Every structure is written in C-alpha cells, then in structure tokens.
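This report concerns only the one structure given below.
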Amino acid sequence: MSEWSQGEIYESYVGRWSRLVAKEFVRELDQSPGLRWLDVGCGTGALTSAVLASAAPAEVVGVDPSEGFVGYARRTVADERARFEVRSAAQLADFGETFDVVVSGLVLNFIPERVEALRILRSIGKTVAVYVWDYAEGMQLMKYFWDAAGDVRPQDRELDEGRSFPFNNPAGLEGMFAEAGFTDIVTGAIVVPTVFESFDAYWKPFLGGQGVAPAYLRGLDDESQQAIRALLESRLPAKPDGSIELTARAWSARGTS
C-alpha cells in the first residue's frame with residue numbers, strides 16, 4: 001500500500017470526487033451552526049472545506065498523519081475557523097479536546113484497529129460520522145480497474161479493494177459502530193458523478209502511484225500495465241465524443257455517544 005503524501009496527486013486521482021461526496025455528507029448530517037468539528041484523516045482538506053462552506057461551524061480542526069497532506073490543506077483552506085495538525089487517529093486519545101461533531105472521510109479502511117479507533121472518536125465527540133467508498137460495487141472507476149487487473153493477472157485478484165475491505169457496506173459499518181458503543185446508528189448511500197473527458201483522463205491518475213490501485217499498477221512490468229490499459233479501454237463505456245461517465249458510491253454511517 002502506498003503512503004498518501006502528495007496532495008496534488010491525490011486530488012487528481014480521487015480527492016476531486018471525495019469533495020463531491022463530502023458536500024452531500026455534510027448536508028445530510030444537518031448539524032446546528034456554531035459547533036466545534038474535528039476532521040480525522042483530513043487529507044487535503046476536502047471534508048473540512050465542506051464543513052466550512054455549509055455547516056457554519058465555530059471551528060474545524062483537521063488532523064492527518066501525513067505532513068504532505070496537512071501542508072496542502074494549510075495552503076489551500078484559507079479560513080480562520082480552520083486549523084490543521086499532524087496527528088494520527090491513534091494519537092487522538094491524548095488530544096485533550098472534545099468536539100460536538102467528529103467526522104472522517106475515506107479513512108476507516110486505512111486504520112488497522114477500526115473499532116478501537118471508533119471508540120476513541122466516541123470518547124471525544126458527541127456525534128461521530130464517517131464515509132467510505134463502496135469498493136465492491138459502486139465505486140466504478142476503481143471497480144473497472146480491479147476487474148481488468150484481475151483478468152490480466154488472476155493471481156492478484158485478492159488485492160482488489162472490494163475484497164480487501166469487505167466491511168465497506170451498511171451492515172459492516174453498522175456492526176463496527178455498534179461494537180464501539182454507539183447508539184442511534186444511521187447508514188446511507190451517497191452517489192456522485194465521475195466524468196472523464198477521455199480515456200487518457202481516466203487512465204493518467206492511475207500512473208501517479210498514490211493509492212492502492214496506482215501503487216499496484218506501478219509495481220507491475222510494462223507488459224502487464226499495457227494489458228490492463230488495453231482491457232480497460234475496451235470495457236469502459238465511452239460516448240461518441242470519447243467521454244466516460246461513471247458514478248461513485250460511498251456509504252456513510254453516524255452514531256451518537
């Protein structure tokens with residue numbers, strides 16, 4: 001698994017789609033104005049920006065273990081209500097602050113002790129909410145890639161994020177939230193369009209090495225890379241003008257402490 005560290009590359013691969021999901025996620029949370037928010041695994045600041053834009057918070061604190069991401073967020077999120085710190089989810093137990101709302105977007109997959117992390121979030125937040133990609137079915141740009149990779153290299157099928165993260169669905173999220181001690185658990189789907197002007201626009205972000213699929217692709221020999229590329233180009237639903245219209249589904253969950 002590659003280390004998420006370069007904000008610009010992350011944005012071109014999946015960050016831009018995360019921003020669309022974040023906007024809907026915050027709208028559906030429908031929290032009162034004037035609250036203190038914590039964004040865990042803030043990355044490049046997509047979710048923090050959505051909170052600032054539509055939730056009228058008193059403050060948003062964004063934390064992420066990647067110095068590169070935190071630096072990108074500090075450069076691009078110009079709002080005096082926001083501050084960012086380099087800190088992992090495991091370090092939040094000693095944070096010394098509490099929040100009205102704790103949110104986390106596209107992060108739970110990359111935390112080994114997920115239930116324990118949710119317990120920590122419950123200890124510092126009144127309402128805790130997360131969202132994750134539906135890798136197995138609804139995150140089409142990645143599903144097309146992994147289906148093609150698995151056909152070219154059947155020995156690598158278990159690396160498919162849809163198989164690696166079997167909890168990325170309503171039942172899986174609800175189960176983890178319940179085990180972590182939450183009540184009033186609510187799950188839901190968020191679907192956003194992911195439109196590419198051409199096949200090259202779809203393919204190029206996979207060459208950046210940031211993320212599970214791009215890191216996997218980078219580690220292959222050129223012949224395998226080209227075989228995956230050719231198979232994808234034959235399968236993606238391109239329109240007559242060459243554009244490709246896909247959708248991305250995320251599953252959300254929230255609970256109260």
* Arg249 is checked against (1) under 17 Å from Trp17 (Cα atoms); (2) at pLDDT below 95; (3) under 17 Å from the mean Cα position of the chain (by Cα) and fails just one. What number does that condition carry? -> (2)
* List every residue pair whose Cβ atoms lie under 6 Å apart, where the two residues are 6 or more positions apart in sequence or sit on different chains, the first residue falls within the range 190-209 and is farther than 24 Å from Pro240 by Cβ, and the second residue, located anywhere, is surrounded by fewer than 17 Cβ atoms within 10 Å (Cβ to Cβ) and β-branched (Val, Ile, Thr). => Val191/Thr247
* **Pairs with Cβ under 6 Å, 6+ apart, first in the range 51-62 and at positive phi, second part of a loop (DSSP other than H, G, I, E, B) and of a type in the set (A, V, I, L, M, F, W, C)** => none
* Asked: Among the residues of the range 155-164, is there at least one that is farther than 16 Å from Trp133 by Cβ, part of a helix (DSSP H, G or I) and either within 16 Å of the chain's Cα centre (by Cα) or polar (S, T, N, Q) (or both)?
  -> yes
* Asked: Name the residues in the range 120-131 that are assigned to a helix (DSSP H, G or I) and either touching a strand residue (DSSP E or B) at 6+ places or on another chain (Cβ under 7 Å) or without any contact (Cβ under 8 Å) to a residue 40 or more places away in the chain (or both), would you?
  -> Ile120, Leu121, Arg122, Ile124
* Structure fact -> Taking the range 169-189 and the residues there that are in contact with a Ser or Thr (Cβ under 7 Å, 6 or more places away or on another chain) and more than 30 Å from Ile244 (Cα to Cα), the one that is surrounded by the most Cβ atoms within 10 Å (Cβ to Cβ) would be Leu173
* Asked: Any residue in the range 9-29 that is closer than 24 Å to Thr194 by Cα, modelled with pLDDT under 90 and touching a Pro at 6+ places or on another chain (Cβ under 7 Å)?
  -> yes
* Qualifying positions in the range 74-88 - of a type in the set (D, E, K, R) and under 18 Å from the mean Cα position of the chain (by Cα) -> Arg87
* Structure fact -> Flagged in the range 196-229 as aliphatic (A, V, I, L, M) and out of contact with any helix residue (DSSP H, G or I) (no Cβ under 9 Å at 6 or more places or on another chain), in numbering order, are Ala201, Ala215
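The values are calculated or read from the model by the stated rules, or taken from the named source; none is laboratory data. Only a predicted model underlies this, so the values are computations on that prediction, with no experimental measurement involved. For neighbour counting, all protein chains shown are included, and Cβ atoms are generated from backbone atoms with ideal geometry for every residue, glycine included.
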